[in-house]
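Only one structure is covered here, and it is reproduced in the block below.
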Amino acid sequence: MLIPDAAAERARWIASADAWDRWADPMADLADKLNRPLLDAAGVTAGQRVLDLASGAGEPALSAARRVGGHGLVVGSDLVPGMLGGAVRRANAEADPPRFCAADMTGLPFADGAFDAVTCRFGVMFVPDAGAALRDIRRVLRPGGKAAFMVWGPLAGNGLFADIGAVVAAQLGEDHSLDPLFRFAAPGSLATLMTKAGFATVEETDLTPVRKAPAGQPFWRAALDMSFGHRLGGLDAAARAALEADIAARFDAQADNGTVPVPAHVRIVVGH
């Protein structure tokens, strides 16, 4: 199992923070389609106290706050303070906004049993000592509480990453920066760590939606900026244009009747 380099991952997210903020609003509807099953799995309901980890630009902390309402509490956190800029901005429009703070998953600044549920969407795979993080997450859950994680399934089942990553690697060289995203792609890999961390029961569910994207449109640009932005900063305009042209051509070749099928494979892992 790949163990991410802490310094490299921090640098990656610092470099990508602006892109996550920039795309947060245009991608909100698509994000909510992932938020809903994750929050359902965590059992998030009105009046609960919820901790969301690796919130980035606010997902799914904002959705969780709407569920718990004014009698509940949602705290959103991220290791990199700059990643939370978009979350704080977006929270200003909410009637019952979450609170946000910088926090390390391996040493959470909260009391034992402080939360009814903990959620984390596409974040736990980047923590070098994931076992330590899971133990501390269990600590801040009340007895009977749930932790729900969403992670990526295999690269081959995730069309955006597979196709964009192939073009980026071909033009800029392979740096294996995608590898941490798929750290828990194997069935049971995260569940095993959660059991070792002391969770009583662990369940996992795979989701394999296929998005129908419009052919000839840059539907892939958000994924390029958000997941590969750390590699694009040094490109001049001509090199960036050439890269985007190759990505567009790759997806256009897959078009059928005006749409491009974009498969995704995600896994929800719940610990009680």
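As a summary of the residue check, S227 satisfies the conditions (1) open to solvent by less than 60 Å² (accessible area, probe 1.4 Å); (2) touching a strand residue (DSSP E or B) at 6+ places or on another chain (Cβ under 7 Å) except for the one numbered (2). Selection of segment 161-198 for residues being under 19 Å from W13 (Cβ atoms) and touching a Pro at 6+ places or on another chain (Cβ under 9 Å) yields D179, P180, F182, R183.
Every test in (1) basic (K, R); (2) open to solvent by 70 Å² or more (accessible area, probe 1.4 Å); (3) over 19 Å from L155 (Cβ atoms) is passed by R211 save one, and that test is (3). Quickly run through segment 45-62 and pick out the residues that are more than 18 Å from A17 (Cβ to Cβ) and open to solvent by 10 Å² or more (accessible area, probe 1.4 Å). T45, A46, G47, Q48, R49, listed by residue number. The residue that is surrounded by the fewest Cβ atoms within 10 Å (Cβ to Cβ), among those in segment 118-127 that are outside any loop (DSSP other than H, G, I, E, B) and touching an Asp or Glu at 6+ places or on another chain (Cβ under 9 Å), is F126.
The set of residues in segment 128-158 being in contact with a helix residue (DSSP H, G or I) (Cβ under 9 Å, 6 or more places away or on another chain) and either open to solvent by 10 Å² or more (accessible area, probe 1.4 Å) or modelled with pLDDT under 95 (or both) consists of P128, D129, G131, A132, R135, D136, R138, K146, W152, P154, L155, A156. If you check F251, F199, F228 for being of a type outside the set (V, I, T), within 24 Å of W152 (Cα to Cα) and in a loop (DSSP other than H, G, I, E, B), only one passes: F199.
If the requirement is being of a type outside the set (A, V, I, L, M, F, W, C), touching a Leu at 6+ places or on another chain (Cβ under 9 Å) and closer than 27 Å to D175 by Cβ, which of these qualifies: R10, R49? That would be R10, the only listed residue that is of a type outside the set (A, V, I, L, M, F, W, C), touching a Leu at 6+ places or on another chain (Cβ under 9 Å) and closer than 27 Å to D175 by Cβ. Selection over segment 35-62 of residues that are over 12 Å from P97 (Cβ atoms), outside any loop (DSSP other than H, G, I, E, B), of a type outside the set (V, I, T) and in contact (Cβ under 8 Å) with a residue 12 or more places away in the chain gives a count of 11.
For segment 227-265, a tally of residues being over 22 Å from R22 (Cα atoms) and touching a Ser or Thr at 6+ places or on another chain (Cβ under 8 Å) returns 3. Restricting segment 68-115 to residues that are without any contact (Cβ under 8 Å) to a residue 24 or more places away in the chain and either outside any helix (DSSP H, G or I) or of a type in the set (S, T, N, Q) (or both), the residue that is surrounded by the most Cβ atoms within 10 Å (Cβ to Cβ) is P109.
The values are calculated or read from the model by the stated rules, or taken from the named source; none is laboratory data. Owing to the predicted nature of the structure, the values given are computational and were not obtained by experimental measurement. Quick reminder, even Gly has a Cβ in these numbers, built from the backbone with ideal geometry, and neighbours come from all protein chains shown. Ligands, DNA and RNA are stripped out before the accessible areas are found, and what is left, the full protein with its side chains, is counted by its heavy atoms. Shrake-Rupley method; radii C 1.70, N 1.55, O 1.52, S 1.80 Å.
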